[in-house]
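Take a look at the structure below.
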Amino acid sequence: MSTPDPLPGPRLFSGFLLMATATAAIGGFLFGYDTAVINGANSYLKAHMSLNPAQEGMAGASAILGCIPGAMVAGFLSDRFGRRRMLFLCAILYAASGLLSAIPRTFEQFLVARFASGLGIGASSMICPVYIAEIAPGKWRGRLGSLFQLGIVTGIFLTLFINKLIQSLGNDAWNTTTGWRWMLGMEVVPALVFVALLFTVPESPRWLVQKAREGEARDILSRLGGAGNAETELAAIRAANREEKGELSELFTSAYFKPLLIAVVLMAGSQFCGINAIIYYSSKIFESAGLVKNAAFTSTVWIGLVNLLFTFVAIAFVDNAGRRPLLLIGTAVQTLALALVSWMFHTQQNGLPLLFCIMAFTGAFAMAMGPIPWIMCSEIFPNKVRGRAMSIATFTIWSSCYVVAQTFPMLNDSKAIGPVVTFCMYGVVSLLTFTFVLFAVPETKGRTLEEIESSWKAGSRGA
């Protein structure tokens with residue numbers, strides 16, 4: 001006969017908890033892989049299908065266009081059918097898209113396949129952080145939530161080498177007919193691994209309580225953090241649920257308008273600082289600064305490595321130092337680094353100084369504005385509408401991402417604007433984000449989701 005934990009607090013990582021969060025992080029890996037793979041395949045796809053510039057742009061943007069409706073509907077569906085079922089759907093979308101993107105007969109079929117991939121990215125970018133937040137004890141929620149961002153940057157980084165490896169298997173003619181298909185089709189492998197592992201993870205206990213399935217929720221919470229912790233968590237979840245109607249309109253009341261504003265500003269700020277101008281167009285940026293093609297690719301690899309390594313800084317410090325200090329340090333360094341990048345383009349400097357400044361920007365982003373908006377958005381909303389509220393947040397980030405991806409080439413190539421003004425604008429966004437965090441964003445480290453929720457209500461009453 002087992003005995004309950006002597007202390008009500010959560011245990012150190014249980015294997016069950018780590019397995020569940022690591023599985024959700026594979027959704028982040030697929031997100032990163034799918035985001036980056038098109039960059040290696042695009043030039044060969046263009047040659048194979050004889051695409052004009054407008055069609056080439058559509059090939060790159062088709063997945064992003066799928067992200068927007070994917071994010072919008074996933075919240076409602078996950079609130080209704082559960083987080084785990086929606087993760088299964090995302091995994092199936094990734095696998096189907098990887099296969100269909102590799103075997104299209106026409107350009108239109110390719111666009112449909114990539115749009116389906118975007119649906120999976122948009123949905124998983126909403127559901128994975130929410131799922132991790134709802135199963136993780138408050139003490140460890142930040143670093144466990146950072147695993148999702150680690151999955152994204154790992155996917156982006158490894159895809160550079162997967163694309164390069166596949167390209168090396170043949171000449172340009174082979175890559176034009178076949179290589180790009182393997183680049184896109186390889187996504188099926190991690191997608192099927194994701195499907196298999198999802199059979200081993202539980203449903204969100206908070207969602208189960210909302211559906212009057214407390215017995216199942218208690219069993220899962222006990223496996224995640226111990227029996228004593230399970231009863232404490234259940235009591236807090238019940239109390240919070242009694243005060244919520246579960247209607248999206250609650251987000252626009254005085255109690256919850258502030259968390260909604262925080263979510264929208266952080267998500268928009270994470271994109272309009274220009275990070276995806278770097279991720280999508282780093283080779284173009286370095287070539288425009290005078291580097292040859294091979295040197296530009298090497299610089300891109302260094303940026304990917306920095307993006308990966310500095311995500312571990314967030315994992316190490318987000319639950320100790322807290323969300324706010326990392327955000328303030330990160331956005332301050334972003335502002336300085338982007339100002340220097342703008343100045344270097346103005347003075348026509350390139351090489352190592354430019355690479356160092358872009359790496360500094362990327363590292364600052366990776367330790368703060370990369371993971372923390374996902375973490376905070378997944379923990380600041382009421383239980384009953386968390387899924388739908390996250391849909392608003394992810395709609396914001398993907399809409400902003402699309403704007404940046406579409407406007408950067410035009411801004412960068414414009415004689416009137418160019419890289420000097422473009423990176424200066426990104427720096428201003430980072431400065432405005434720093435100011436917003438300084439005056440409007442509270443600390444959430446170490447608090448349960450229900451404690452965070454009650455703090456908004458107390459604030460609205462002037463407490």
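Among the candidates VAL428, VAL404, the residue that is under 22 Å from the mean Cα position of the chain (by Cα) and in a helix (DSSP H, G or I) is uniquely VAL404. Answer yes or no as to whether THR347 is among the β-branched types (Val, Ile, Thr), open to solvent by 20 Å² or more (accessible area, probe 1.4 Å) and out of contact with any Gly (no Cβ under 8 Å at 6 or more places or on another chain). Spelling it out, THR347 is indeed among the β-branched types (Val, Ile, Thr), open to solvent by 20 Å² or more (accessible area, probe 1.4 Å) and out of contact with any Gly (no Cβ under 8 Å at 6 or more places or on another chain).
Within segment 387-428, if we keep just the residues that are in contact with a helix residue (DSSP H, G or I) (Cβ under 6 Å, 6 or more places away or on another chain) and open to solvent by 40 Å² or more (accessible area, probe 1.4 Å), the residue that is modelled with the lowest pLDDT turns out to be ARG388. Based on this model, can you work out whether PHE286 counts as at pLDDT below 70, of a type outside the set (Val, Ile, Thr) and buried (at least 22 other Cβ atoms within 10 Å of the Cβ)? It is true that PHE286 is at pLDDT below 70, of a type outside the set (Val, Ile, Thr) and buried (at least 22 other Cβ atoms within 10 Å of the Cβ). The number of residues in segment 172-224 being closer than 20 Å to LEU18 by Cβ, in a helix (DSSP H, G or I) and open to solvent by 40 Å² or more (accessible area, probe 1.4 Å) comes to 5. Of note, GLY75 does not satisfy the criterion of being without any contact (Cβ under 8 Å) to a residue 60 or more places away in the chain, within 23 Å of VAL195 (Cα to Cα) and open to solvent by less than 10 Å² (accessible area, probe 1.4 Å). For segment 101-125, the candidate set comprises residues that are touching a residue at least 12 places away in the same chain (Cβ under 8 Å) and touching a Phe, Trp or Tyr at 6+ places or on another chain (Cβ under 8 Å); within that set, the residue that is surrounded by the most Cβ atoms within 10 Å (Cβ to Cβ) is SER124.
The values are calculated or read from the model by the stated rules, or taken from the named source; none is laboratory data. Not measured: the values here are computed from a predicted model. Please note: Cβ atoms are built from the backbone with ideal geometry, for glycine as well, and neighbour counts cover all protein chains shown. In case anyone asks, the SASA skips ligands and DNA or RNA and just uses the protein heavy atoms, side chains included. Shrake-Rupley method; radii C 1.70, N 1.55, O 1.52, S 1.80 Å.
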